[in-house]
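No value in this document is a laboratory result; all are computed from the given coordinates. No experiment lies behind these values; they were computed from the predicted model shown. Because the Cβ atoms are built from the backbone with ideal geometry, glycine has one as well, and the counts that use them run over all protein chains shown.
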Amino acid sequence: MGKLYQKMERDLNLKNLAPRTRSRYLNCCQRFAAFHMRSPVQMGIEEIKEFLERVLETSSVEQLKMCVAGLKFLYGQH
């Protein structure tokens with residue numbers, strides 16, 4: 001994610017979110033990029049849905065909620 005990661009990290013800090021929340025949002029977005037092996041800039045709603053389906057299959061509902069929030073922040077801010 002490179003520069004996008006740094007920009008998101010800065011924006012999360014500016015929103016004054018809890019350190020754990022910031023970490024989870026960033027981790028989710030990194031996993032999203034790694035899952036598709038592309039930058040989030042190159043992806044859209046279909047890739048998001050595919051990723052969230054995978055998260056739901058392999059993780060808890062709470063993890064799914066955190067990923068939804070992280071991706072909303074990513075795409076809402078950038």
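Here is a yes/no grid of residues against (1) acidic (Asp, Glu); (2) assigned to a helix (DSSP H, G or I); (3) surrounded by 12 or more Cβ atoms within 10 Å (Cβ to Cβ); (4) at negative phi:
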residue: ASP11; (1), (2), (3), (4): yes, yes, yes, yes
residue: ARG20; (1), (2), (3), (4): no, yes, no, yes
residue: ASN27; (1), (2), (3), (4): no, yes, yes, yes
residue: GLU46; (1), (2), (3), (4): yes, yes, no, yes
residue: LEU56; (1), (2), (3), (4): no, yes, yes, yes
Inside region 56-78, can you point out the residues that are within 14 Å of PRO40 (Cα to Cα), small (Gly, Ala, Ser) and touching a residue at least 12 places away in the same chain (Cβ under 8 Å)? GLY70
Filter region 34-44 down to residues that are in contact with a Leu (Cβ under 7 Å, 6 or more places away or on another chain) and not hydroxyl-bearing (Ser, Thr, Tyr) and give me whichever is surrounded by the fewest Cβ atoms within 10 Å (Cβ to Cβ). VAL41
